[in-house]
Amino acid sequence: MGFYSRLIISVDLYNITFINERLNLDAAFSALADPTRRAILARLAKGEATVMELSGPFEMTQPAISQHLKVLEEAGLVASRVDGTKRPRRLAKAGIEAMDQWLAMLRKALERSYDRLDEVLAGTETQRRFATETPDRHAPETASRTGPEPAKRIRTEETKTRKKQLQKRKRGER
């Protein structure tokens, strides 16, 4: 692992620590483990809603929905405001953004891994092409007096054609 890779990892680890101080990612992802809470967040993505409005699509009591909202609020994913006797809930921008930043860091690392894999596969493909384009010098010749067997004759012609194409490419012809 080179210096540059270690630097990126160190910066990413620092950012994770910084994000964790602002928001407990463990609590956030733990809160998202429940399908009801994910559904509540999906509903809140459309706009603010009260406990009564949120309990409508679920076969749950208002206190049960309130418990789910409490978990989401403690995780930093939902915020509430006071509007008379109502307390409408909405998505908490900071909590959602912190999770998004953490996931973006993982996406970048995954993209770098895929880029390295592409480079390795491209090198393997080049080696494979070179191996099929160059005849095996150590293979025994089994040609009879009438010439090589038909399959070998075809392979020889393909090899000659490929060599000609490579020579043309080197000269800049098509």
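Taking 0.36 nm per residue of sequence separation and subtracting the Cα-Cα distance, how much length would be gained by fully extending the chain between ASP115 and PHE58, in nm to one decimal? Length gained, ASP115 through PHE58: 16.1 nm. Listed by chain and number, the lysines placed with their C-alpha closer than 18 angstrom to that of LYS170 are LYS160; residues fewer than eight positions away on the same chain are left out.
Here, each number is a calculation from the coordinates, and none is a lab measurement. The structure displayed is predicted, hence computed values, not measured ones.
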